[in-house]
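The values are calculated or read from the model by the stated rules, or taken from the named source; none is laboratory data. From a predicted model like this one, the values you see are computed outputs, not experimental measurements. Ideal geometry is used to build each Cβ from the backbone, glycine not excepted, and the neighbour counts take in all protein chains shown.
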């Protein structure tokens, strides 16, 4: 196995306290960290720096950034009742977006071959002008815009295998044919978006809806026959993965039947894309045992 796979984690992610009983909880990161330790996973540590306002404004409106900062500072409520913020959430959110950029930097600068960013809050539901679905800023979209606008990467592919459709990411790039967004997601399920007819500019948006109870066979077939051929035609220079682990059969928020090993196999099947320049970002995954094991399986498949 390669020892040049990066892992980005910051303790500040544990301080984003969503309250008792909330599925997107600090224990998620503890579960991943413990699973990595128990499996004696070797990695190159990547230190995150907070995303700058400029980084966020490539994706989000100034009013949205200001609202999130104010809501966190005042420990106030937000119109989306599921999306909780406390004072520490601001630093955590900046580091989650900044961690995505730091991981991309490490890959582009040759310090690692690929990387996994285990930070929270997650991001793929965050729209340009609103937080929703546990997400404050759209971390993967921030990274994609940074790759395009700062580092001059011509084509970026985003693969989203979180069980929920990444509405925010789709909207960020729907009219941008330099970024190809493809999503595998259960339907019907929150947030109720992501239809196959939504193809974006020059067909660079792809939604594959998975029915209730689908398992490894259906997910791998969809990846092989629909998404990978599209990405191969697109020829991305960089691949970002919105890596939710909530399609696992143990997850309480959905009804898919993926095994832990399925995440490793999906990872193997996309490693040839973008010459292996891959950064994976944590999204969902709410059964703590399955989350930790699946993250290890995914990471070890990156290292193979």
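Every residue in region 108-131 that is crowded, with 24+ Cβ neighbours inside 10 Å, outside any loop (DSSP other than H, G, I, E, B) and more than 13 Å from the chain's Cα centre (by Cα), please.
114
Being under 27 Å from residue 145 (Cβ atoms), in contact with a helix residue (DSSP H, G or I) (Cβ under 8 Å, 6 or more places away or on another chain), part of a helix (DSSP H, G or I) and in contact (Cβ under 8 Å) with a residue 60 or more places away in the chain, is that true of even one residue in region 33-51?
Scanning region 33-51, I find no residue that is under 27 Å from residue 145 (Cβ atoms), in contact with a helix residue (DSSP H, G or I) (Cβ under 8 Å, 6 or more places away or on another chain), part of a helix (DSSP H, G or I) and in contact (Cβ under 8 Å) with a residue 60 or more places away in the chain, so the answer is no.
Restricting region 53-64 to residues that are within 20 Å of residue 16 (Cα to Cα) and either under 19 Å from the mean Cα position of the chain (by Cα) or in contact (Cβ under 8 Å) with a residue 40 or more places away in the chain (or both), which is surrounded by the fewest Cβ atoms within 10 Å (Cβ to Cβ)?
Looking at the filtered set, the residue picked out is 64.
Residues that are over 20 Å from the mean Cα position of the chain (by Cα), farther than 27 Å from residue 175 by Cβ and surrounded by fewer than 15 Cβ atoms within 10 Å (Cβ to Cβ): does region 193-204 have at least one?
Within region 193-204, none of the residues are over 20 Å from the mean Cα position of the chain (by Cα), farther than 27 Å from residue 175 by Cβ and surrounded by fewer than 15 Cβ atoms within 10 Å (Cβ to Cβ).
Check whether at least one residue in region 72-81 is buried (at least 18 other Cβ atoms within 10 Å of the Cβ), touching a helix residue (DSSP H, G or I) at 6+ places or on another chain (Cβ under 7 Å), part of a helix (DSSP H, G or I) and at pLDDT 95 or above, and report yes or no.
Among the residues of region 72-81, at least one is buried (at least 18 other Cβ atoms within 10 Å of the Cβ), touching a helix residue (DSSP H, G or I) at 6+ places or on another chain (Cβ under 7 Å), part of a helix (DSSP H, G or I) and at pLDDT 95 or above, which makes the answer yes.
Is there a residue being modelled with pLDDT of 95 or more, under 16 Å from the mean Cα position of the chain (by Cα) and part of a strand (DSSP E or B) anywhere in region 256-275?
Scanning region 256-275, I find no residue that is modelled with pLDDT of 95 or more, under 16 Å from the mean Cα position of the chain (by Cα) and part of a strand (DSSP E or B), so the answer is no.
Looking for whichever is over 13 Å from the mean Cα position of the chain (by Cα) and at pLDDT 95 or above here; the options are 174, 181. Which one fits?
174 is the lone residue from the list that is over 13 Å from the mean Cα position of the chain (by Cα) and at pLDDT 95 or above.
For region 39-51, give me each residue that is within 25 Å of residue 18 (Cα to Cα) and surrounded by 15 or more Cβ atoms within 10 Å (Cβ to Cβ).
Those that are within 25 Å of residue 18 (Cα to Cα) and surrounded by 15 or more Cβ atoms within 10 Å (Cβ to Cβ): 48, 50, 51.
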